[in-house]
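Only one structure is covered here, and it is reproduced in the block below.
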Amino acid sequence: MRLSVLNRSEGFPRGLRRLAPKLVAGLCAAFLAACSSMPEILHHSENPLSPETVALIGQKGMQPGAPIFVRIFKEESELEVWKMRDDSRYYHFKTYPICNWSGELGPKLKEGDKQAPEGFYTVSQTQLNPNSKYYLAFNLGFPNAYDRAHGRTGQALMVHGDCKSAGCYAMTDALAEEIYALARDSLRGGQESFEVHAYPFRMTQEKLDRFKKHRWYGFWRTMKEGYDFFEVNRVPPAIAVCERRYVVNALYEPGVQLDPAGACPRFKRPQLAPFSPRPAEWQLANERLTMPGPRTRVAREVAADATRAQSIFATTTGSLGESRGMPPGASALGFVPP
C-alpha cells in the first residue's frame with residue numbers, strides 16, 4: 001500500500017479552499033467580540049457602593065463624591081463617617097463598629113508597642129491601600145507632626161479589614177469595603193484629603209472627669225477642644241502643631257511657617273456660626289444609623305483597664321502627665337496667644 005501526505009491542494013474542495021481565509025478571519029472577529037462583551041472583573045478596591053448605600057446618601061441630601069470626615073472612639077469601639085452637604089456642614093452618615101483595636105486608652109508612643117494611635121490625622125489619596133493583606137486599608141499618617149515632635153515612632157498604622165489588630169483599627173472586610181469606597185469617592189470627587197480624629201472615648205465632660213489623675217488627662221483635654229468644636233459647628237477644626245502641642249481652630253498669617261517643637265506665632269481664632277439645621281431637617285441632623293457588626297473590645301472592660309492604669313500611674317508618679325512642665329503662654333487646653 002502506498003501512503004501519501006495531503007498538501008494544501010489535496011483533501012479539500014476547491015471552493016472551500018478559497019473561503020478558508022475568510023472563515024478564519026470571521027471566527028477570530030467573533031471570538032474577539034465575545035471577549036469584549038464579557039463584563040470587566042473589577043478589583044475589589046473599585047467595587048461601587050451598594051445600591052442601598054447610594055440610596056441612603058440621596059435620602060440624606062448628600063452627594064456620593066462629597067467630602068467626608070471620620071471620628072474614631074476607642075472605648076466605644078466605633079468609627080463614624082460624616083459627609084458634607086450643600087450648606088458646607090457635616091451630617092452623620094453611619095457609625096461602624098470597630099471589630100478590634102489593640103493596646104489601651106492613650107496615644108501610640110513607639111514602634112512595636114501595639115498601641116492604636118490617638119490624635120488628629122489627615123488622609124490623602126496616596127494613603128489608600130487597595131492591596132492590603134487585610135483586604136482594604138488606609139494609612140492614618142502616624143507619626144504626624146505632633147507625634148514626631150514628641151519623638152514617637154511607628155509606621156503603617158491603618159484602618160483596615162479583617163478583625164486582627166497590632167496597632168490598627170480592624171473593621172471586618174465588609175465594613176472596610178464600604179468605608180474605603182466612601183473615602184475613595186470623596187477623594188476622587190475633589191476632596192484633597194480628609195481628617196480622621198481618633199479619640200480614647202466620646203469626649204463628654206462627664207467621661208473626661210473620670211480620668212483627672214490619668215497620665216494622658218492633659219493630652220485628652222486638648223483633644224476635647226477638637227471634639228467640642230465639631231459638636232458645636234459640624235465642621236472639622238483647623239489643626240496646627242507648635243510648642244509640641246495641638247492648637248485647635250487657629251488661623252495664622254499667610255506665609256507663617258510653624259515649627260512643631262518651636263514657639264507658637266500669634267494667631268486668630270475664626271468665629272463660625274454654630275450649626276443650626278433648617279427647620280424641616282432637625283431629625284436628619286440628629287439621627288444616627290449604626291451598622292451591625294462584632295466588637296471584640298467591650299467598653300466596660302476598656303474603662304476598667306484605664307481606671308486601673310490611672311491608679312497605678314497616680315501612685316507611682318503623682319503626675320498629670322503632659323499637663324506638667326508647660327511652656328509659658330500655654331495651657332492644657334492649648335497655646336493661649338498674647
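The values are calculated or read from the model by the stated rules, or taken from the named source; none is laboratory data. Note that the structure is a prediction, hence the values are computed from the model and not measured. With ideal geometry, Cβ positions are generated from the backbone for all residues, glycine too; neighbour counts draw on all protein chains shown.
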Quiz item: When you scan the range 35-144 for strands (runs of 3 or more DSSP E) that lie fully inside it, which ones turn up with 2 or more residues that are surrounded by fewer than 18 Cβ atoms within 10 Å (Cβ to Cβ)?
Solution: 119-124
Quiz item: Restricting attention to the range 188-239, and to residues there that are hydroxyl-bearing (Ser, Thr, Tyr) and in contact with a strand residue (DSSP E or B) (Cβ under 9 Å, 6 or more places away or on another chain), which single residue is farthest from residue 138 (Cα to Cα)?
Solution: 222
Quiz prompt | Given (1) farther than 21 Å from residue 50 by Cβ; (2) out of contact with any Lys or Arg (no Cβ under 6 Å at 6 or more places or on another chain); (3) modelled with pLDDT of 95 or more, index of the condition residue 178 fails | solution = (1)
Quiz prompt | Looking only at the range 272-304, and only at residues there that are in a helix (DSSP H, G or I) and among the polar types (S, T, N, Q), the one that is nearest to the chain's Cα centre (by Cα) | solution = 286
